[in-house]
Amino acid sequence: MQVGNTFIFEHPLIQHKLALMRDKNTNTKDFRTLTNELAELMVYEVTKDLPLVEKEIETPITKATFKVLADTPITLVPILRAGLGMVEGVQRLLPTARVGHIGVYRDPQTHEPVEYYCKMPDDVAESIVFVLDPMFATGGSACAALDLLKARGCKDLRMVCMVAAPPAVERIAKEHPDVPVYCAALDECLNENAYIVPGLGDAGDRIFGTK
Ligand code: PRP
Ligand code: URA
């Protein structure tokens, strides 16, 4: 399903794992495992248009030409903290991807993003960039990260989240219509604290066991 530039994956394995993550009784260890598994499944779909080149390979039988991934660098950019919980799962399929980090947290009163850290590989501008963050609520954190990456010259950006809310989907369609967003669910709304409803709670706290 597609809403604006947001694509929602309906694969049964993706839906099943997300439902387990939503359960408040899922403990930290299982939540972290599921986050990585879901990220791995999602990135399988998100990479389906990666560029390929022809390469001659000698099999035990003969030489022939086959398709392999082009040399285009791939950079994973987790938004700290919760995005870190997705990195290992994505790296299972993209083991040579480099990792840049963006630190953004939401101000608890205003819900506006506050940036506190950024470290990118030198050639990030030439990379295909996957921005990782399980939660896409107001869209403020993701848009701040995308602004920052575009200011560094990035052109091929893809946002991979898990649970999206309508305000975030509307915001990114206005501010970054060129960036496809991939998620596992588009939930109903936000509550008065800008948490996604029904959502899964605070993803960072559930991944790192901080509450
Ligand atoms: C969470 C989440 C996103 C952001 C989403 O991070 O991981 O980065 O909120 O909300 P938004 O779409 O309204 O910006 P949080 O601010 O809780 O920081 P943390 O991961 O360090 O706990
Ligand atoms: N951040 C989270 O971790 N969860 C939400 O529901 C919204 C923002």
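The values are calculated or read from the model by the stated rules, or taken from the named source; none is laboratory data. In this text the structure is predicted, and so the values were computed from the model without any measurement. Backbone-built Cβ (ideal geometry, glycine too); neighbour counts: all protein chains shown. These area figures cover heavy atoms from the full protein model, side chains too; ligands, DNA and RNA do not enter into them. Shrake-Rupley method; radii C 1.70, N 1.55, O 1.52, S 1.80 Å.
Residues that are out of contact with any Asp or Glu (no Cβ under 7 Å at 6 or more places or on another chain), within 14 Å of ligand 2 (Cβ to nearest atom) and over 24 Å from Glu45 (Cβ atoms) within the stretch 136-166 comprise just one, Thr138.
Taking the stretch 138-155, which residues are in contact (Cβ under 8 Å) with a residue 60 or more places away in the chain and not small (Gly, Ala, Ser)?
Answer for the stretch 138-155, where residues must be in contact (Cβ under 8 Å) with a residue 60 or more places away in the chain and not small (Gly, Ala, Ser): just Leu149.
Could you name every one of the strands (runs of 3 or more DSSP E) located completely within the stretch 107-162 that has at least 1 residues being within 8 Å of ligand 1 (Cβ to nearest atom) and touching a helix residue (DSSP H, G or I) at 6+ places or on another chain (Cβ under 8 Å)?
113-119
If I ask for residues that are among the basic types (Lys, Arg), out of contact with any strand residue (DSSP E or B) (no Cβ under 8 Å at 6 or more places or on another chain) and under 18 Å from Glu115 (Cα atoms), which ones from the stretch 129-166 would you list? Within the stretch 129-166, Arg152 is the sole residue that qualifies. Applying the selection to the stretch 90-103, what residues are open to solvent by less than 10 Å² (accessible area, probe 1.4 Å) and either within 16 Å of ligand 2 (Cβ to nearest atom) or out of contact with any Leu (no Cβ under 7 Å at 6 or more places or on another chain) (or both)? Selection gives Gly100, Ile102, Gly103.
Within the stretch 195-211, if we keep just the residues that are touching a Leu at 6+ places or on another chain (Cβ under 9 Å) and not small (Gly, Ala, Ser), the residue that is most open to solvent (accessible area, probe 1.4 Å) turns out to be Phe208.
Of all residues in the stretch 19-66, those being within 24 Å of the chain's Cα centre (by Cα), open to solvent by 50 Å² or more (accessible area, probe 1.4 Å) and among the aromatic types (Phe, Trp, Tyr) number 1. Is the stretch 12-20 home to any residue that is under 30 Å from Gly140 (Cβ atoms), touching a helix residue (DSSP H, G or I) at 6+ places or on another chain (Cβ under 8 Å) and basic (Lys, Arg)? For the stretch 12-20, residues under 30 Å from Gly140 (Cβ atoms), touching a helix residue (DSSP H, G or I) at 6+ places or on another chain (Cβ under 8 Å) and basic (Lys, Arg): present.
Within the stretch 167-205, the set of residues being part of a helix (DSSP H, G or I), near ligand 1 (Cβ under 10 Å from one of its atoms) and either of a type in the set (D, E, K, R) or out of contact with any strand residue (DSSP E or B) (no Cβ under 8 Å at 6 or more places or on another chain) (or both) comprises Arg171, Gly204, Asp205.
Here the stretch 153-169 is the region considered, the condition is being crowded, with 22+ Cβ neighbours inside 10 Å and closer than 24 Å to Leu18 by Cα, and the residue that is nearest to the chain's Cα centre (by Cα) is Val160.
Scanning the stretch 178-194 for residues that are surrounded by fewer than 18 Cβ atoms within 10 Å (Cβ to Cβ) and near ligand 2 (Cβ under 9 Å from one of its atoms) yields Asn191, Asn193, Ala194.
Going residue by residue through the stretch 62-71, is there one that turns out to be touching a residue at least 24 places away in the same chain (Cβ under 8 Å), small (Gly, Ala, Ser) and not in a loop (DSSP other than H, G, I, E, B)? Before the answer, list the steps.
Quick first cut of the stretch 62-71, residues touching a residue at least 24 places away in the same chain (Cβ under 8 Å) only: none.
No; the residues of the stretch 62-71 include none that is touching a residue at least 24 places away in the same chain (Cβ under 8 Å), small (Gly, Ala, Ser) and not in a loop (DSSP other than H, G, I, E, B).
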